[in-house]
Amino acid sequence: MLLAIAYFTNQESASLDWKAGSWMFPYFIGLGVLSYLGPTDFTGKGYIPFGIDIVIVVIFSLAIYYYAMSVRLSPEEVREHVQVAREEAEEQEDLAV
């Protein structure tokens, strides 16, 4: 959320790769739904019994993992982002002196 606010308020910053981070939204929403449906011991509704909920979370997490790996940044894109970050840090150091 903070990165999105920084991106929209500062147009000079590097672009955010929304596709590469798109796995986070279904993951957090899915975990929230599974928690809500899970055992009542943990404030859930009890629709999914204890033990089975763990199996469902593991399967769900693996599916999200494979999706995240399919949309990740390429090594070249990562190197480019790191280079841009280093250049920005050097500029900030020069301004501070």
- For residues that are aromatic (Phe, Trp, Tyr) and not in a loop (DSSP other than H, G, I, E, B), scanning just region 39-90, find the one that is farthest from residue 28 (Cα to Cα). 42
- Task: Please find, within region 34-54, the residue that is surrounded by the fewest Cβ atoms within 10 Å (Cβ to Cβ) out of those that are of a type in the set (Ser, Thr, Tyr) and modelled with pLDDT under 90.
- Result: 43
- Message: Tell me whether region 24-33 contains one or more residues that are surrounded by 13 or more Cβ atoms within 10 Å (Cβ to Cβ) and aromatic (Phe, Trp, Tyr).
- Response: yes
- Item | Condition check for residue 75: surrounded by 11 or more Cβ atoms within 10 Å (Cβ to Cβ), out of contact with any strand residue (DSSP E or B) (no Cβ under 7 Å at 6 or more places or on another chain) and either at pLDDT 90 or above or of a type outside the set (Lys, Arg) (or both) | no
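The values are calculated or read from the model by the stated rules, or taken from the named source; none is laboratory data. Just so you know, these numbers come straight off a predicted model, no measurement behind them. A quick note on method: Cβ atoms are made from the backbone with ideal geometry, for glycine too, and the neighbour counts reach across all protein chains shown.
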